[in-house]
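Following: one structure in structure tokens, then a few remarks.
What follows is calculated from the coordinates using simple rules that are stated; it is not laboratory data. None of these values were measured; they are calculated from a predicted model. Here Cβ is always computed from backbone atoms with ideal geometry, including for glycine, and neighbour counts include all displayed protein chains.
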Amino acid sequence: MEKVYNINFKKLAIEWRETFLRTSFWIACISVLIVPLESLYIDFLRSRKQNLIRINTTCQKFSMQKRLNDYFDPLERRIEIIKAVLFDGVYLYTEAEDDQWKTKTQWLYVDNLPIYLYTEAELNSDYDFIVKIPNTGINELQLRAEIEYYMLQSKNYRIELI
């Protein structure tokens, strides 16, 4: 499919001329007339490349992280996307909530390791994910524009420096 977009306009225009009009004067005239068309063609190829990148990038973590690293940190690839809630909550059931067929009762010690209890504030976050970036002068407005283009609109995020 990529061969469809490989067009040499100068060669094509010369080949479409009659053989007796393929002198150096007419080739120079054709070259001058083809320059604006070639400029438009180069702009089209650049736009196509950007559109293919945007189509192939999704709102999934690995895809967005790859795109941000490709754009902002291509050599060291230090940009990370992590989830904002770091703890998984443990729900403790009361005796009334316990199921008669399957017990939901859970001990606070599993294999002599304690299960830590967290407050609701520690389990909830205002953000769905955190984007960690290196402190190398990345343009934050461009970074926010890229993130907001790819992320779901219902998600909130925060940018942190590493």
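With neighbour counts taken as other beta-carbon atoms within 10 Å, the residues S63, S39, S24, S125 rank, fewest first, as S24, S39, S63, S125. Taking other Cβ atoms within 10 Å as a rough exposure proxy, M151, M64 sort from fewest to most as M151, M64.
Over segment 7-56, the fraction of Cα-Cα pairs per 5 Å bin, rounded to whole percents and listed from the shortest bin up, is 4, 19, 22, 16, 12, 9, 7, 6, 3, 1. In terms of other Cβ atoms within 10 Å, V131, V85, V35 run from fewest to most in the order V35, V85, V131.
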